[in-house]
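J.: Input: one structure, supplied below.
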Amino acid sequence: MSVAGAWYLGLAAIVFSIGAVGLLVRRNVLIMLMCIELMLNAANLTFVTFARMLNDIGGQVLVLFVLVVAAAEVVVGLGIVVTNYRRRATTTADDLDSLKG
Amino acid sequence: VTHATLLLASTRPTWPDILVFAAAAAVVLVGALGVVTSRNPVHAALSLVMTLFGVAVLFIEQSADFLAAAQIIVYAGAIVVLFLFVIMFLGIDRTLDTEVEPLAGQRPLAFVVVAITLGGIIAMAATAHWVTGAHQVVGPIQGHVAGPNSPAGEPAQLGKQLFTTYLFAFEATAALLVIAVVGAVVLARRPPTVHADEDDSTDSELRA
């Protein structure tokens with residue numbers, strides 16, 4: 001029997017928080033996308049932990065879907081980053097202020 | 001089984017389990033902090049690999065073997081490699097300036113907001129009653145107790161649920177992936193060449 005589920009949930013909450021701080025603080029779009037991956041991973045860890053705690057395989061199936069959605073999100077997100085870099089030669093979020101009045 | 005025994009330990013973990021959890025948790029946390037604090041995007045991507053690997057170990061520790069393999073293959077093998085491709089393709093693998101703070105007071109505010117969120121999550125996890133606790137929606141995990149003698153029925157059961165209960169969602173993710181691939185190709189494609197007479201010099205410089 002593994003360590004109690006509460007420890008996994010706490011770890012997942014901390015990783016989610018680190019990812020959220022990074023998303024809010026960092027300005028590079030690529031690193032912001034990586035921080036989103038961190039937050040998704042924390043959610044995955046929570047899903048697997050609840051699948052074990054509640055003895056329900058549904059949580060693990062959902063992790064598979066999160067994996068697919070994360071892959072699709074990264075593919076489209078990086079496509080946008082590349083397209084934008086071609087036009088403006090920057091990956092800094094603060095430089096994308098064309099709509100600023 | 002009551003809620004309290006579910007959330008806390010139902011049986012006492014052995015010391016190798018504690019050791020594996022502590023080591024994997026340390027790897028996960030160091031990698032996560034590395035992603036957030038690295039100045040070089042390549043270092044951040046490699047720290048992300050570290051975190052993903054630690055999470056995969058935690059998946060194995062919770063008898064989610066198939067998901068651990070999928071985690072390594074999909075995340076570390078595909079997603080992070082895609083990140084590295086883009087970083088090196090754009091040539092931005094240089095040190096970023098993280099000292100300047102464009103918005104005054106944004107960082108302290110971010111820390112405060114996230115600290116409140118973290119406190120809320122932990123307080124909720126400690127006090128909430130999970131709705132699905134007593135009734136299994138899908139079915140129990142076979143080979144629930146990790147060990148050398150436990151039946152390895154978990155990936156088979158995962159696949160069975162995926163192709164029966166969650167079949168529609170599975171087909172929808174297939175459609176989603178196709179849409180994402182088409183979108184990425186459309187986005188990353190070079191714009192079609194325009195005629196010279198309607199193409200001024202600044203425009204061609206931008207497109208180059």
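None of the figures in this text is laboratory data; all of them are computed from the coordinates on show. Everything numeric in this text was worked out from a predicted model, so none of it was measured. Cβ atoms come from the backbone with ideal geometry, glycine included; neighbour counts cover every protein chain shown.
J.: Return the loop-located trypsin sites (Lys or Arg not before Pro) in region A:25-101 (DSSP other than H, G, I, E, B) with at most 10 other Cβ atoms within 10 Å of their own Cβ; answer none if there are none. Present the calculation step by step, with values, prior to reporting the outcome.
T.: Values: sites: A:Arg26, A:Arg27, A:Arg52, A:Arg86, A:Arg87, A:Arg88, A:Lys100; in loops: A:Arg26, A:Arg27, A:Lys100.
Sparse-neighbourhood loop trypsin sites (Lys or Arg not before Pro): A:Lys100.
J.: Work out how far the C-alpha atoms of chain A reach from end to end along every principal axis, then list the three figures in whole Å, largest first.
T.: Sorted from largest, the Cα extents of chain A read 55, 24, 22 Å.
J.: Report the residue, chosen from A:Ala71, A:Ala13, A:Ala43, that carries the largest GNM mean-square fluctuation when chain A is represented by alpha-carbon nodes joined by springs under 10 Å.
T.: In this elastic network of chain A, the residue with the biggest mean-square fluctuation among A:Ala71, A:Ala13, A:Ala43 is A:Ala71.
J.: What ranking do B:Ile87, B:Ile179, A:Ile80, B:Ile92 get, fewest neighbouring Cβ atoms within 10 angstrom at the top?
T.: Values: B:Ile87 23, B:Ile179 12, A:Ile80 15, B:Ile92 20.
Fewest-to-most ranking of B:Ile87, B:Ile179, A:Ile80, B:Ile92: B:Ile179, A:Ile80, B:Ile92, B:Ile87.
J.: Where nothing but the Cβ of Lys and Arg (+1) and of Asp and Glu (-1) is charged, how large is the charge dipole of chain A around its Cα centre, in debye to the nearest 20?
T.: Values: 7 positive and 6 negative charges, 54 e Å.
Its charge dipole is roughly 260 debye.
J.: So what is the relative contact order for chain A, in percent, with contacts set as C-alpha pairs under 8 Å and at least six apart? The partial results should precede the final answer.
T.: Working: 78 pairs, mean separation 27.8, N = 101.
Over chain A, the number comes to 28 percent.
J.: Hey, another quick one. Sort out for me the Cα centre separation of region B:66-89 from region B:154-187, rounded to whole Å.
T.: Each part's Cα centre sits 18 Å from the other's.
J.: Here's something else I'd like to know. Rounded to whole Hz and in sequence order, give me ³J(HN,Hα) for region B:40-52 from the Karplus expression 6.51 cos²θ - 1.76 cosθ + 1.60, θ = phi - 60°, writing x for Gly and Pro.
T.: 8, x, 5, 5, 4, 5, 5, 5, 5, 4, 4, 4, 4
J.: Right, another one. Hey, what angle do you get for helix A:5-25 against the long axis of chain A, alpha-carbon based, 0 to 90 degrees rounded to 10?
T.: Here the helix axis deviates by roughly 10 degrees.
J.: Let me ask you something else. Which angle between 0 and 90 degrees, to the nearest 10, do you get for helix A:58-88 versus the longest principal axis of chain A when only C-alpha atoms count?
T.: Result, in degrees: 10.
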